[in-house]
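Here is the structure we will look at, set down as structure tokens.
Quick note: the coordinates plus some simple rules give every number you see, no bench work behind them. Just so we're clear, the structure is a prediction, and the values are computed from it rather than from any experiment. Ideal geometry is used to build each Cβ from the backbone, glycine not excepted, and the neighbour counts take in all protein chains shown.
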Amino acid sequence: MTDETNKRPADGTEEHLAETAAEGAAATGAPEAGVQEAPAAAEAAPDPAEALRAENAELRDRYLRLAAEMDNLRRRTERDVKDAKTYAVASFARDMLAVSDNLRRALEAVPTEALASGDAGFSSLVEGVDMTERSMLSALERHGVKKLDPVGQKFDPNFHQAMFEVPNAEVPHNTVVQVVQAGFTIGERVLRPAMVGVAKGGPKPSAAEAEAPAAN
């Protein structure tokens, strides 16, 4: 062989050989030297906007629940405060009613003849006792204590306590015709039921009248 045959290829021959090798690799499916294969499709990343929407919905739900709980707490507190103001004097008022009862008994025990005698001192004493009773009841009423006036009304076990029956055919059956001891309410509650006598033997009330609540 001649020396020219052993000489290195002229410039550009190496690039031509590389291109030929690349074409052969492509034909056989082999990866090209120095070229990495593209990675498989990566899993889709979570959408930040969707995550923010979910977090916002959760926070909104928690806020609404908290707001509802606070509103319920406020209403319960207002109701408890109102009840405390209304019924705080219930025990005291009940004790004062016993004093009022004694004053009323004292007035009822005064003979009519004694009042008619014209004794100025005795009349002043009776008048003073009467004024004391009325002043006490007026003070209790300013604190929500009201006297029941059930005469002529239908008997209501929520407000009345039947002590006896009175035969009376002129009024409907179970009508209150006499009060033995006055009853009182405080707010919407019964402080003391009225002790009453009810009519017996009169016409029975209609179904509508029987179901209607008694006015007190």
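Taking the inverse of the mean 1/r over every pair of distinct Cα atoms in segment 147-209 gives a Kirkwood hydrodynamic radius of 11.8 Å.
I'd like the FRET efficiency for residue 113 and residue 165, computed as 1/(1 + (r/R0)^6) with the beta carbon distance as r and R0 of 45 Å, rounded to 0.05. Provide the component values of the computation, followed by the final result.
Details: r = 33 Å, r/R0 = 0.73.
Efficiency at R0 = 45 Å is approximately 0.85.
Near the amide H of residue 153, within less than 5 Å, lie the amide hydrogens of 176, all on another chain or at least 5 residues away, with H placed in the peptide plane. Rounded, prolate or oblate for segment 90-143? Axes are the square roots of the Cα gyration tensor eigenvalues, ordered a ≥ b ≥ c, and the cut-off for rounded is a/c under 1.5. In terms of gyration-tensor shape, prolate. Once backbone amide H atoms are built at 1.01 Å from N, residue 148 has 183, 184, 185 as its partners under 5 Å, excluding neighbours fewer than 5 places away on the same chain. The amide H of residue 173, built 1.01 Å from its N in the peptide plane, has 202, 204 as neighbours under 5 Å, considering only residues 5 or more places off or on other chains. The modelled label-to-label distance between residue 158 and residue 131, using points 7 Å beyond Cα along the C-beta direction, is 4.0 nm. Placing a label point 7 Å from the Cα of residue 85 along the Cα-to-Cβ direction, the residues of segment 176-207 with a backbone N closer than 14 Å are 187.
Averaging the Cα positions of each part gives two centres, and for segment 47-62 and segment 185-200 these lie 60 Å apart.
The ranking of 100, 138, 123 from fewest to most other beta carbons within 10 Å of each one's beta carbon is 138, 123, 100. Given a Förster distance of 22 angstrom, what is the FRET efficiency for residue 72 paired with residue 141, based on the Cβ-Cβ distance and rounded to 0.05? It comes out at approximately 0.05.
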